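Participant: Mind having a look at this structure? Questions to follow.
The values are calculated or read from the model by the stated rules, or taken from the named source; none is laboratory data. In this text, all values refer to a predicted model and were calculated from it rather than measured experimentally. Positions of Cβ are backbone-derived with ideal geometry, glycine not excepted, and every protein chain shown enters the neighbour counts. In case anyone asks, the SASA skips ligands and DNA or RNA and just uses the protein heavy atoms, side chains included. Shrake-Rupley method; radii C 1.70, N 1.55, O 1.52, S 1.80 Å.
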Amino acid sequence: RIKTYVGGGITNSQVWLLTSDQALTGSSSMADITANLAESGVTGYARIGDAMTVSSGVFTFPSTGIWTVEAIFNFVGSDGYCQGRIQFTTNNSSYSDVSLSSEETDNQEYANAFLKAQVDVTDTANVKVKFGQGGTISGNALKGSSSYMRTGFFFTRIGDT
């Protein structure tokens with residue numbers, strides 16, 4: 001189903017940060033990012049609209065609509081691989097991978113992954129999003145900071161549902 005929109009513009013846009021480093025899973029399995037998440041407080045940042053809420057890594061949308069969700073993962077280490085993912089649920093229970101990226105880190109110190117997805121939030125009680133990470137790179141870290149963007153998440157409401 002294709003929807004077209006005239007006018008209105010972006011009614012919600014916000015940035016969230018992973019505020020401190022997180023060890024990777026050390027294997028091919030993925031782990032949810034459940035802690036050290038906060039809305040950006042970096043110099044010059046301003047949110048449009050109401051804030052997302054987060055509980056144990058599960059983000060709840062403040063309103064219905066068509067949303068884009070983006071993630072930047074910043075990994076530090078070498079000799080291995082690292083992964084990032086975005087997952088959605090439409091029933092507040094079962095989550096599905098909607099975006100997944102893997103990066104090989106042969107003799108490199110840094111790796112980045114950028115993911116993007118779009119979701120129709122028809123019910124804020126049931127449609128939710130969460131992020132995950134995994135990997136085995138030496139140095140074993142997903143980088144975070146509250147002072148500037150290292151690993152972060154972008155939420156933008158682009159239209160009505």
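Participant: Taking the radius of gyration and the Kirkwood hydrodynamic radius from Cα positions alone, what is the Rg/Rh ratio for the chain, to two decimal places?
Facilitator: Rg/Rh: 0.99.
Participant: Also: Rounded, prolate or oblate: pick one for the range 36-110, where a ≥ b ≥ c are the square roots of the eigenvalues of its C-alpha gyration tensor, a/c under 1.5 means rounded, and failing that, prolate if a/b is larger than b/c, else oblate.
Facilitator: Cα axes put the range 36-110 in the oblate bin.
Participant: Can you give me the solvent accessible area of Ser99 with a 1.4 Å probe, rounded to the nearest 10 Å²?
Facilitator: 20 Å²
Participant: Sticking with this one: Suppose the chain between Met149 and Asp32 were pulled fully straight at 0.36 nm per residue; how much longer would it get relative to their current alpha carbon spacing?
Facilitator: 40.2 nm
Participant: Long-range amide H contacts for Ser63: which residues qualify at under 5 Å (H placed 1.01 Å from N, peptide plane, sequence gap of 5 or more or a different chain)?
Facilitator: Amide H neighbours of Ser63, under 5 Å, 5+ apart: none.
Participant: With the contact rule set at Cα under 8 Å and sequence spacing of 6 or more, what percent relative contact order holds for the chain?
Facilitator: 39 percent
Participant: For the range 52-98 and the range 117-154, what is the separation of their Cα centres, given in Å?
Facilitator: Centre-to-centre (Cα) distance: 5 Å.
Participant: Follow-up question, since we're still on this one. What is the range 1-96's relative contact order, in percent, from Cα pairs under 8 angstrom and six or more apart in sequence?
Facilitator: Answer for the range 1-96 is 22 percent.
Participant: So, one more: Using the Kirkwood radius over Cα pairs, work out the Stokes-Einstein diffusion coefficient for the range 71-161 at 37 °C and 0.692 mPa s, in µm²/s as a whole number.
Facilitator: Diffusion coefficient, whole number: 230 µm²/s.
Participant: A follow-up question, please. Would you please give the FRET efficiency between Phe114 and Asn92, computed as 1/(1 + (r/R0)^6) with r the Cβ-Cβ distance and R0 = 22 Å, to the nearest 0.05?
Facilitator: 0.20
Participant: Within the range 121-161, find all residues whose amide N lies under 14 Å from a label point positioned 7 Å from the Cα of Arg47 along Cα-to-beta-carbon.
Facilitator: Taking a point 7 Å out along Cα→Cβ of Arg47, the residues of the range 121-161 whose backbone N falls under 14 Å are 153-157.
Participant: From the phi angles alone, apply the Karplus equation (6.51, -1.76, 1.60; θ = phi - 60°) to the range 57-63 and give each ³J(HN,Hα) in whole Hz, x where the residue is Gly or Pro.
Facilitator: x, 9, 9, 10, 6, x, 7
Participant: Can you pull the one-decimal nm distance between simple spin-label points at Thr11 and Glu39, each 7 Å off the Cα toward Cβ?
Facilitator: For the pair Thr11/Glu39, the computed spacing is 1.7 nm.
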